[in-house]
Amino acid sequence: MRLGVNVPNFGPGTDPGVLRQWARTVEGLGFDLLLVSDHVAITPDVARQYPPPFYEPFTTLSWLAGVTGRIGLGTTVVIVPYRHPLLVARMAANLNDLSGGRFVLGVGIGWARQEFDALGADFERRGRVTDEYLAAIQEAWADDADYRSGGVPIWVGGNVDAALRRVVRYGQAWHPLRSTVTWLRETFPRLEAIAAEQGRPVPALCPRILLRITKEPVTGPDRRAGEGTVEQIAEDLKALDALGAETVVLDPFVGDPEETRHPEKAWEMLATVAALRAAM
């Protein structure tokens, strides 16, 4: 099972130097994948969770590709309705080609209504638009002489049945965010059933989970995967591995923008997980 890290490309403590440190730290610790988030217009609804400055993902990952050599690079997740599909197809294919085949395109439909309004995008039709755009992106990539996509994998986020159908139709992997192990265990059979209904292969499971190490155990049915003591996190990783997860992405951003001023705390947690992984 591969392990990735969601790197905060936003917040008051984020700048080019910090992003470079993040990339070198994550790669140096032996993680397999580095991912960043996507927003374009930092409207009030976005800023409450992801305050500025916000570094655009394709630009950021293109730069980080040049300061890393091995680690995979990806998005968690690009909001598909925000950009023309041929632009996304071009940027993703070029980034994959320029990085030596290291790119993963994680996609989602978005949630920030004010940002949709600012961009002139249709919030109510965002699911249907996402389906149309993903089809257009894949059609563009079929022109390998031009796009040279190199088979960019698509990870599709979302939890409801419409999202699961989108995963099966367009994705190589399902990329749910910050859930419990129990929910994943209960929901993955639904993905398998939809794949069977459509006569398609079952996509891989590649969840993004929280990373919050605590001194005392976190209890209760709502405890999210990756939250709790080192022992609890080790058990979560074992459970996800047993469930067949191909990649697990760790997200050390708990939600306070001030965290971005002190990335060393996140790096310490990631070092702990890297040691855990070596011992498992």
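The table below lists the values:
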{"item": "Residue tally, condition touching a His at 6+ places or on another chain (Cβ under 8 Å) and either over 19 Å from Phe58 (Cβ atoms) or exposed (fewer than 15 other Cβ atoms within 10 Å of the Cβ) (or both), over the range 1-34", "result": "1"}
{"item": "Residues within the range 207-233 that are out of contact with any Ser or Thr (no Cβ under 8 Å at 6 or more places or on another chain) and open to solvent by 10 Å² or more (accessible area, probe 1.4 Å), tallied", "result": "5"}
{"item": "Residue, nearest to Arg169 (Cα to Cα), within the range 98-142, restricted to residues that are open to solvent by 50 Å² or more (accessible area, probe 1.4 Å) and acidic (Asp, Glu)", "result": "Glu132"}
{"item": "Matching residues, the range 242-259, being surrounded by 12 or more Cβ atoms within 10 Å (Cβ to Cβ) and either of a type in the set (A, V, I, L, M) or within 18 Å of the chain's Cα centre (by Cα) (or both)", "result": "Leu243, Ala245, Glu246, Thr247, Val248, Val249, Leu250, Asp251, Pro252, Phe253, Val254"}
{"item": "Count of the range 55-82 residues which are over 25 Å from Val248 (Cβ atoms), touching a His at 6+ places or on another chain (Cβ under 9 Å) and hydrophobic (A, V, I, L, M, F, W, C)", "result": "0"}
{"item": "Residue in the range 175-195 that is without any contact (Cβ under 8 Å) to a residue 40 or more places away in the chain, in contact with a Gly (Cβ under 8 Å, 6 or more places away or on another chain) and buried (at least 22 other Cβ atoms within 10 Å of the Cβ) present", "result": "yes"}
{"item": "Residue satisfying condition, being touching a helix residue (DSSP H, G or I) at 6+ places or on another chain (Cβ under 8 Å), among the hydrophobic types (A, V, I, L, M, F, W, C) and part of a loop (DSSP other than H, G, I, E, B), within set Phe58, Phe31", "result": "Phe31"}
{"item": "The range 198-245, residues that are among the small types (Gly, Ala, Ser) and assigned to a strand (DSSP E or B)", "result": "Ala204, Gly228, Ala245"}
{"item": "Check on Ala204, farther than 20 Å from Val5 by Cα and open to solvent by less than 70 Å² (accessible area, probe 1.4 Å)", "result": "no"}
{"item": "Failed condition for Leu61, given (1) in contact with a Phe, Trp or Tyr (Cβ under 8 Å, 6 or more places away or on another chain); (2) open to solvent by 20 Å² or more (accessible area, probe 1.4 Å)", "result": "(2)"}
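The values are calculated or read from the model by the stated rules, or taken from the named source; none is laboratory data. Predicted model only: the values in this text are computed from it and were never measured. When we count neighbours, we look across all protein chains shown, and the Cβ atoms used for this are built from the backbone with ideal geometry, even at glycine. These area figures cover heavy atoms from the full protein model, side chains too; ligands, DNA and RNA do not enter into them. Shrake-Rupley method; radii C 1.70, N 1.55, O 1.52, S 1.80 Å.
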